[in-house]
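A.B. asks: The structure's right below; bear with me while I get my questions together.
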Amino acid sequence: MQTRIHEGRKRIDITYTNAATHEFFHWLGTHFFAPHVFVECKNYEGEVGNPELDQLSGRFSTSRGQFGILVCRHFDDKDLFIARCKDTALDQRGYIIPLDDEDLNTLVNSPRHPDGSVVFNLLRQRFSSLIM
């Protein structure tokens, strides 16, 4: 169910409370302001671009958090979209990790290690590209 903010004038597709005690989201909450994780889902045939990125970063605040995930079917140029996410981070408008169907397949179908390393490594690598 969508979360309504600003008296319903804006909505967030999915909002998670970040109560993680291990793996990526614990690391994230320990090092960055992420009490909530916002997820925007775009089931587009065409390219996901700056308007969608700006929509998600516009949901961040100093009270809600500064981290989100943009999920879509595919990126025509994933490296370009990651660069746009890095621009958003460098402009101090929050941190957004883009994930497409290929990434979701990796997360879901990779052998699950007890330490969560597959999930941690993919998300940490994607996050590192925003700050390095």
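A.B. asks: Given segment 69-132, what helices (runs of 4 or more DSSP H) lie entirely inside it while holding 3 or more residues that are more than 14 Å from the chain's Cα centre (by Cα), farther than 16 Å from Glu23 by Cβ and not β-branched (Val, Ile, Thr)?
C.D. replies: The qualifying helices (runs of 4 or more DSSP H) are 78-90, 101-109.
A.B. asks: Can you tell me which of Phe38, Phe24, Phe32, Phe60 is in contact (Cβ under 8 Å) with a residue 60 or more places away in the chain and either under 19 Å from Arg93 (Cα atoms) or touching a strand residue (DSSP E or B) at 6+ places or on another chain (Cβ under 7 Å) (or both)?
C.D. replies: Exactly one of Phe38, Phe24, Phe32, Phe60 is in contact (Cβ under 8 Å) with a residue 60 or more places away in the chain and either under 19 Å from Arg93 (Cα atoms) or touching a strand residue (DSSP E or B) at 6+ places or on another chain (Cβ under 7 Å) (or both), namely Phe32.
A.B. asks: Return yes when Glu45 is closer than 23 Å to Gln2 by Cβ, over 15 Å from the mean Cα position of the chain (by Cα) and charged (D, E, K, R) and no when it is not.
C.D. replies: When the stated conditions are applied, Glu45 passes them.
A.B. asks: For the subset of segment 7-43 comprising residues that are acidic (Asp, Glu) and in contact with an Asp or Glu (Cβ under 7 Å, 6 or more places away or on another chain), which member is nearest to Cys72 (Cα to Cα)?
C.D. replies: Glu40
A.B. asks: Ok, one more. Any chance segment 48-55 includes a residue that's within 19 Å of His26 (Cβ to Cβ), surrounded by 14 or more Cβ atoms within 10 Å (Cβ to Cβ), touching a Cys at 6+ places or on another chain (Cβ under 9 Å) and of a type outside the set (Ser, Thr, Tyr)?
C.D. replies: The answer is no; no qualifying residue exists.
A.B. asks: Of everything in segment 73-132 that's touching a residue at least 12 places away in the same chain (Cβ under 8 Å) and small (Gly, Ala, Ser), which residue is farthest from Tyr44 (Cα to Cα)?
C.D. replies: Going through the qualifying residues, I end up with Gly116.
A.B. asks: Filter segment 33-42 down to the residues that are within 13 Å of the chain's Cα centre (by Cα) and of a type outside the set (Asp, Glu), then identify the one that is surrounded by the most Cβ atoms within 10 Å (Cβ to Cβ).
C.D. replies: Phe38
A.B. asks: For segment 4-59, how many residues are in a strand (DSSP E or B) and either among the charged types (D, E, K, R) or more than 23 Å from Asp100 (Cβ to Cβ) (or both)? First the steps, then the outcome.
C.D. replies: At the first step, the residues of segment 4-59 found to be in a strand (DSSP E or B) are 4-5, 10-12, 14-17, 36-42.
Retained after the next criterion (residues that are either among the charged types (D, E, K, R) or more than 23 Å from Asp100 (Cβ to Cβ) (or both)): 4-5, 10-11, 17, 40, 42.
Of the residues in that region, 7 qualify.
A.B. asks: Taking the stated definitions as given, is Thr17 on the phi < 0 side of the Ramachandran plot, surrounded by 13 or more Cβ atoms within 10 Å (Cβ to Cβ) and of a type in the set (Ser, Thr, Tyr)?
C.D. replies: When the stated conditions are applied, Thr17 does not pass them.
Computed from the coordinates by the stated procedures, all read-outs in this text should not be read as laboratory data. This structure is a prediction, so every number in the text was calculated from the model and none was measured. Ideal geometry is used to build each Cβ from the backbone, glycine not excepted, and the neighbour counts take in all protein chains shown.
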